[in-house]
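For reference, the structure discussed in these notes is given below.
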Amino acid sequence: MANSPFAIAAELEPAMWRLYRDFFDQAEKKRRWSLRDDIPWDQCNPQLDPAIGDVVESFCGVELYLPDYTSKILPVVRPSKGRTWFYANWGYEESKHSLALGDWLLKSGMRSDEQMADLEEKIFQWEWNLPHDSHLGMLVYAMVQEVATWLNYRNLRLKAEERGGDPALEKLLTLIAVDERAHHSFFRECVELYL
Ligand SMILES: [Fe+2]
Ligand SMILES: [Fe+2]
């Protein structure tokens, strides 16, 4: 694979590493948030349209595949320090997303502990697999996927506002959407290096 156009390009690594350091510095400076302190948990709205809860549950389900997302991509990008360090940080941020969505489902009363345990059990029975064999295919896939998740969270926030409003949910969706946007930018800049 070393000379294949699909191999990880060693000559791009210094630039890739710089992208990661910039991403990390920005994240530390501007983007860190606290699950406990930054979301107004006492402002969940019991009158919110339950359809919003169903969508939150489905997004929470997507975020719960984290063990597969991280364990399967790391061996593929192992030769790239920029990308492995990125995925370590990315995994932390994505883990927070599932915690925030799950906590909201419980605190809002949309779901019970039993329902959440049931959801997790069902999800862990399925395994997510990489949709592409090559690291480059995965890079482009991740770039598109992150912008799609950003759009999902942003649109869900607009729908929540429309259907009764819920300051806790709206705040957490805003924080998550900012993270997704940053993930997208990192992947897009990596793709630009390859172009
Ligand atoms: Fe996420
Ligand atoms: Fe993301």
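The values are calculated or read from the model by the stated rules, or taken from the named source; none is laboratory data. Everything quoted here is computed from the prediction, not taken from an experiment. Positions of Cβ are backbone-derived with ideal geometry, glycine not excepted, and every protein chain shown enters the neighbour counts. Note: accessible area is taken over every heavy atom of the protein model, side chains too, but ligands, DNA and RNA are not part of it. Shrake-Rupley method; radii C 1.70, N 1.55, O 1.52, S 1.80 Å.
For the reader, a short list of remarks on this structure follows.
- Gyration tensor verdict on the range 7-53 (Cα atoms; rounded if a/c is under 1.5, prolate if a/b is larger than b/c, oblate otherwise): oblate
- Pairwise FRET efficiency - Leu66 versus Tyr141, Cβ, R0 = 22 Å, nearest 0.05: 0.85
- Accessible surface, 1.4 Å probe, highest first, among residues Asp103, Asp25, Asp179, Asp42: Asp42, Asp25, Asp103, Asp179
- Listed by chain and number, the aspartates and glutamates whose C-alpha is less than 17 Å from the C-alpha of Lys122, apart from same-chain residues fewer than 8 away, are Asp54, Glu57, Glu63, Asp68, Asp113, Glu114.
- Charged-residue dipole, Cβ positions (Lys, Arg, Asp, Glu), the range 84-195 about Cα centre, Debye nearest 20: 360
- Estimated 222 nm signal from helices in the chain, with DSSP H stretches of n ≥ 4 weighted -39500 (n - 2.57), rounded to 500: -23500 deg cm²/dmol
- Residue-wise HN-Hα coupling along the range 146-158, computed from phi with Karplus coefficients 6.51, -1.76, 1.60 (Hz; x: Gly, Pro): 5, 6, 5, 5, 4, 5, 4, 5, 5, 5, 5, 4, 5
- D_trans [Stokes-Einstein, Kirkwood Rh over alpha-carbon pairs] for the chain, 10 °C, 1.306 mPa s, µm² s⁻¹: 89
- Computed in the context of the full set of protein chains, the accessible area of the range 83-195 at 1.4 Å probe radius has 54% of its extent on carbon or sulfur.
- GNM flexibility winner over the chain from Gly109, Gly61, Gly82 (Cα, springs under 10 Å): Gly109
- What the Cα atoms of the range 65-104 give is an Rg and a Dmax of 11.4, 38 Å.
- Among Leu173, Trp33, Leu106 - extreme Cα towards positive end, dipole of the chain, charges at beta-carbon: Trp33
- Taking all protein chains into account, the per residue accessible area for the range 50-158 stands at 50 Å² (1.4 Å probe).
- Spatial offset of the range 168-183 relative to the range 28-76 amounts to 9 Å, using the alpha carbon center of each.
- Gyration tensor (alpha-carbon) shape descriptor, the range 1-82, a/c threshold 1.5: oblate
- Counting only protein chain heavy atoms and rolling a 1.4 Å probe, the accessible areas of Trp126, Trp85 rank, largest first, as Trp126, Trp85.
- Student exercise, the chain dipole from Lys, Arg, Asp, Glu Cβ charges, in Debye to nearest 20: 660
- Reciprocal mean inverse distance between Cα atoms of the range 86-152 - Kirkwood radius, Å: 14.2
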